[in-house]
1. Points 7 angstrom from Cα along the Cβ direction at LEU68 and TRP6: gap in nanometres?
2. For MET61 and LEU20, what does the FRET efficiency come to when R0 = 35 Å and r is the distance between their Cβ atoms, rounded to the nearest 0.05?
3. Please build a GNM for the chain, connecting alpha carbons under 10 Å apart, and tell me which residue among ALA12, ALA50, ALA41 fluctuates the most.
4. Taking square-rooted eigenvalues a ≥ b ≥ c of the alpha carbon gyration tensor, is the range 21-66 rounded, prolate or oblate, where a/c under 1.5 means rounded and, failing that, a/b exceeding b/c means prolate?
5. Match the structure shown to one of the listed values (1) 43; (2) 54; (3) 46 of percent of Cα pairs over 22 Å apart, computed from it, and give that label.
6. Which value in deg cm²/dmol, rounded to the nearest 500, describes the helix-derived mean residue ellipticity at 222 nm for the chain, given -39,500 (n - 2.57) per DSSP H run of n ≥ 4 and division by the residue count?
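Only the coordinates and a few stated rules stand behind these numbers; no lab work does. Nothing here was measured: the structure is a model prediction, and the numbers come from that model. With ideal geometry, Cβ positions are generated from the backbone for all residues, glycine too; neighbour counts draw on all protein chains shown.
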Amino acid sequence: MDIVIWLMLAAAACFLAYLLYSRQFKWIFGVVRNMFLGTLAILGINFVVAGFGFGVGINVMTVLIVGLLGLPGFLLLYATRLLVG
């Protein structure tokens, strides 16, 4: 009986892996990766320019902008900060 349970768990794990790595979910991993890397980049740039009083706050909107747009979104945040002041 134990072997049947293990086979069912293995089949479920394979199906879950297929769903996670299929094309329809691949963009979610890209957005999450961009959100993580963008947040780290904002933290790094803010650390460097902290003495000048020039930085971008980290909140839900900035993380979503960087996550969805990637590098152009990152540059957009700093360009907006530069223009608005």
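1. Spacing of the two 7 Å Cα→Cβ label points: 4.7 nm.
2. Working: r = 27 Å, r/R0 = 0.78.
Calculated value: 0.80.
3. ALA12
4. Details: a/c = 5.83, a/b = 2.98, b/c = 1.95.
Note, shape of the range 21-66 comes out prolate.
5. (3)
6. Values: 4 runs with 70 residues, N = 85.
The helix contribution divided over the chain gives -28000 deg cm²/dmol.
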